[in-house]
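Novice: Sharing a structure, written as structure tokens. Questions coming.
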Amino acid sequence: MSMAGRLADRLLGLPEADAVGGAAGGAATVDVGIARDLRVPMPDGTVLVADLYRPRGAGPLPAVLVRTPYGKRQALVRLFAGVLARRGFQVVIQNVRGIHGSGGEFHAFHDERDDGLATLAWVRAQPWCDGRVATAGASYLGYTQWAIAPYADPPLEAMGLGITASEFVSSFYPGGALALHNTLVWSSLMGTRDDRKRPLHNRRVRRAMRHLPVGESDIAAIGRAESFLREVTGNAENAAFWRETDHSADVAATTSPASMVAGWWDLFLRGQLRDFAALHAAGRQVRITIGPWGHDAKALRAVLADQVSWLNAHLNGDAAELRRAPVRLYLQKAGRWLDFQQWPPPETTPVPLYLSQGLTWDEPSAPLDPAAFTYDPLDPTPSTGGPLLSPGRGGQRDNGRIEARGDVAVLTGARLDRRLDLIGPVSAAFHVRTDTGHADLFVRLCDVGPDGASRNVTDGMLRIDAEPGETVRAEIEMQPTGYRFRRGHRLRVMLAGGAFPRFARNHGRGEPAGRAVASRRVRIEVLRGADHPSALHLPVWAP
């Protein structure tokens, strides 16, 4: 192996290729040839291009298919292909439709099923492929796997699914609110994929998040219309538009062995856990690793290590990696990795934490005034941390500046006399009314340390459309978590009418999210007490 290859493996925390075994289970092949710009015809006549990384002189081998919208020459993609190729795998890296030499127009998420299945058939028909094909990749590269896996005949040999899900729609509109930050960041990336990045690109994108209407914020960000941004903002109220891109209903029918890497701070975590649960309930061979990372470089390092071992098990017959538990997760603030047989762990119990004058584990027995605040779209409640695409801006952050604002309600519990471990799904069920009928409700659970700093643990958002003054039951799905509250810490709940720019502001008038400009202030009341108990439901782990 070359010195560069050894250095790359060492930096990624991977075992050396010679220690892993080659395509036939022997010594790893280090002499890799690359055939560039192979032409792959689609049924409609469009031609997509791919690069083939292959051990020189080898006969027919199984193939690992990776389909990307970021370009097959991108450094991370070439790094991934090199890691696999040094271990004796042959790898096909294909640019999806409309990307860097592949014909047609890039239409995010919409063409991946038909193009992916046609590519799969082409790979299997090549003389250098023995008919067995696995898939690998992260994020959108994981979605391209889900676009073909349920429909592949014969099935894929294996799937390596990093920080991804079988459907992305719930990540565009979590709780019905437009995920503005992540949508504009990604659409701006794709809209400038053929350009040299202009100076201050990231600053322009962040500034453009304040642009109204949000359906035209691409112009402010990159100076041109971008199709993905236009589709997401223009179809926030049109679920039918995305139906063909949603493969979640077919997950349980997928028989291919699947290994997943997820992150507690990743925007696709909820969808990925639903995919895992569907496969596990159907008796499929599946495992998941959930680590203390977001959609970032730490996650990609874990993805590489996981997918190398998984592909080695299923293409090279190294069964050692198949003996671990189906669920491996990191318990934050405990510094521990834990193994379980299912998700959520069987020792986990949903326990209500009630809104009272503060927070209480006991259901209130007397009526209480609502927790009330007023949201102003012209001065929207800001956001910090959480599952963001921007490196260095997401994850766990100090919430003190936001909690001091007058447009939030903050409720704090007593100091814990023992540690409290949460592992599993988190949700909230509140009784809410607003004076306009149109509002968002953002709820965040925080960990308050002895120093008084309040750091976010999990949160959720719900868009409310009701009659003015009508009391509705708001059921909010929050980010799952694995987290230890230490003895002496306190739990805190923050309630707000928004979290901007992570979510687009609610203008309080019920207008379509992509076109709204005019706004009005909204008074929001979260009811509590004996008459209308409102609570978070926390997954308390007590082994």
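Novice: Size of the dipole of the range 172-291 about the Cα centre, Lys and Arg at +1 and Asp and Glu at -1 on the beta carbon, nothing else charged, in debye to 20? Kindly include the intermediate steps, with their values, before the conclusion.
Specialist: Details: 16 positive and 12 negative charges, 130 e Å.
Result for the range 172-291 is approximately 620 debye, rounded to the nearest 20.
Novice: Rolling a 1.4 Å sphere over the protein heavy atoms, what is the accessible area per residue of the range 338-431, to the nearest Å²?
Specialist: Numbers: 4480 Å² over 94 residues.
Accessible surface, normalised per residue, equals 48 Å².
Novice: Moving to a separate point now. What stretch of the chain, leaving out the sites themselves, is the longest with no chymotrypsin sites (Phe, Trp or Tyr not before Pro) in a DSSP loop having at most 16 other Cβ atoms within 10 Å?
Specialist: Values: sites that count: Trp128, Trp361.
Excluding the exposed sites themselves, the longest stretch runs over 129-360.
Novice: May I pose another question? Tell me the accessible surface of Glu477 in square angstrom (1.4 angstrom probe, heavy atoms of protein chains only), to the nearest ten.
Specialist: Using a 1.4 Å probe on the heavy atoms, I get roughly 90 Å².
Novice: Mind sorting out which of (1) 62, 61, 48; (2) 78, 53, 41; (3) 73, 61, 39 is the real Cα extents along the principal axes in Å computed from the coordinates?
Specialist: (2)
Novice: Report, in deg cm²/dmol and to the nearest 500, the calculated mean residue ellipticity at 222 nm for the chain, where each DSSP H run with n ≥ 4 adds -39500 (n - 2.57) and the sum is divided by the residue count. Could the numbers behind the result be given before it?
Specialist: Numbers: 13 runs with 119 residues, N = 543.
Theoretical 222 nm ellipticity from helices: -6000 deg cm²/dmol.
Novice: Also, I was wondering about something else. State the answer as a single residue: which of Pro364, Gly400, Phe340 lies farthest towards the positive end of the charge dipole of the range 335-465, with beta carbon charges of +1 for Lys and Arg and -1 for Asp and Glu, about the Cα centre.
Specialist: Of the candidates, Phe340 comes out farthest on the positive side.
Novice: Follow-up question, since we're still on this one. Need one number: the % of Cα-Cα pairs in the range 165-251 sitting beyond the 22 Å mark. Kindly include the intermediate steps, with their values, before the conclusion.
Specialist: Working: 1069 of 3741 pairs.
Counting pairs separated by more than 22 Å, the tail of P(r) holds 29 percent.
Novice: Moving on. So what is the accessible area of the range 132-173 per residue, in Å², with the probe set to 1.4 Å?
Specialist: Working: 770 Å² over 42 residues.
I get 18 Å² per residue for this part.
Novice: For the chain, give the share of DSSP beta bridges that are antiparallel, in percent and rounded to the nearest 5; count only bridges with both residues there. List each step's numbers first, then the result.
Specialist: Working: 77 of 105 bridges.
The antiparallel proportion sits near 75 percent.
Novice: Once fully extended, how much extra length lies between Asp362 and Gln341, figured as 0.36 nm per residue of separation less the alpha-carbon to alpha-carbon distance?
Specialist: Working: separation 21, 0.36 × 21 = 7.56 nm, distance 3.15 nm.
Length gained between Asp362 and Gln341: 4.4 nm.
Novice: Could you point to the residue in Pro450, Ile464, Val517 farthest towards the positive end of the range 436-543's charge dipole, with +1 and -1 charges on the Cβ of Lys/Arg and Asp/Glu respectively?
Specialist: Result: Pro450, furthest along the dipole toward the positive end.
Novice: Here is a further query. When the dipole is taken about the Cα centre of the chain, and only Lys, Arg (+1) and Asp, Glu (-1) are charged at their Cβ, what size is it in debye, to the nearest 20? Can you show the working numbers first?
Specialist: Details: 64 positive and 57 negative charges, 380 e Å.
Dipole about the Cα centre, nearest 20: 1820 debye.
Novice: While we're on this one: Taking only protein heavy atoms into account and a 1.4 Å probe, give the accessible area per residue of the range 473-543 in Å².
Specialist: Working: 2690 Å² over 71 residues.
Value returned for the range 473-543: 38 Å² of accessible area per residue.
Novice: In degrees between 0 and 90, to the nearest 10, how far off the longest principal axis of the chain does helix 75-85 point, with axes built from Cα atoms?
Specialist: 50
Novice: Further question: Hey, if you put +1 on the Cβ of every Lys and Arg and -1 on every Asp and Glu Cβ in the chain, which of Thr254, Gly162, Gly33 ends up farthest toward the positive end of that dipole?
Specialist: Gly33
Novice: Summarise the accessible area of the range 153-256 (1.4 Å probe, protein heavy atoms) by the percent that is carbon and sulfur. Don't jump to the answer; show the numbers that get you there.
Specialist: On the way: 2220 of 4480 Å².
Roughly 50 percent, rounded to a whole number.
Novice: Let me ask you something else. Can you pull the percent of the range 33-138's accessible area that's carbon plus sulfur, 1.4 Å probe, other chains left in place?
Specialist: Details: 1910 of 3660 Å².
The nonpolar share, carbon plus sulfur, comes to 52 percent.
Novice: Once label points are set 7 Å from the Cα along Cα→Cβ at both Arg210 and Arg230, what is their separation, rounded to one decimal in nm?
Specialist: 2.7
Novice: If I compute solvent accessible area with a 1.4 Å probe over the protein chains, what percent of it on the range 280-368 is carbon and sulfur? Each step should come with its number before you reach the end.
Specialist: Values: 2030 of 4220 Å².
Heavy-atom surface of the range 280-368 belonging to carbon and sulfur, 1.4 Å probe: 48 percent.
Novice: Going by a ≥ b ≥ c, the root eigenvalues of the Cα gyration tensor, does the range 285-337 fall in the rounded group (a/c under 1.5), the prolate group (a/b larger than b/c) or the oblate group? Spell out each step's value before the answer.
Specialist: Working: a/c = 2.94, a/b = 1.59, b/c = 1.85.
Oblate, because a/c is 1.5 or more while a/b does not exceed b/c.
Novice: Here's something else I'd like to know. Rounding to the nearest 20 debye, state how big the charge dipole of the range 434-514 is about its Cα centre with +1 on each Lys and Arg Cβ and -1 on each Asp and Glu Cβ.
Specialist: Working: 12 positive and 11 negative charges, 131 e Å.
Computed about the Cα centre, the dipole is about 640 debye.
Novice: Sticking with this structure for a sec: Using R₀ = 45 Å, calculate the FRET efficiency as 1/(1 + (r/R₀)^6) where r is the Cβ-Cβ separation of Arg473 and Glu244; round to 0.05. Write down the numbers at each step before the final one.
Specialist: Numbers: r = 32 Å, r/R0 = 0.71.
Once the sixth-power term is evaluated, E becomes 0.90.
The values are calculated or read from the model by the stated rules, or taken from the named source; none is laboratory data. Fair warning: this is a prediction, and the values are worked out from it, not measured in the lab. In this analysis, Cβ positions are derived from the backbone assuming ideal geometry, glycine residues included, and neighbour counts consider all displayed protein chains. In case anyone asks, the SASA skips ligands and DNA or RNA and just uses the protein heavy atoms, side chains included. Shrake-Rupley method; radii C 1.70, N 1.55, O 1.52, S 1.80 Å.
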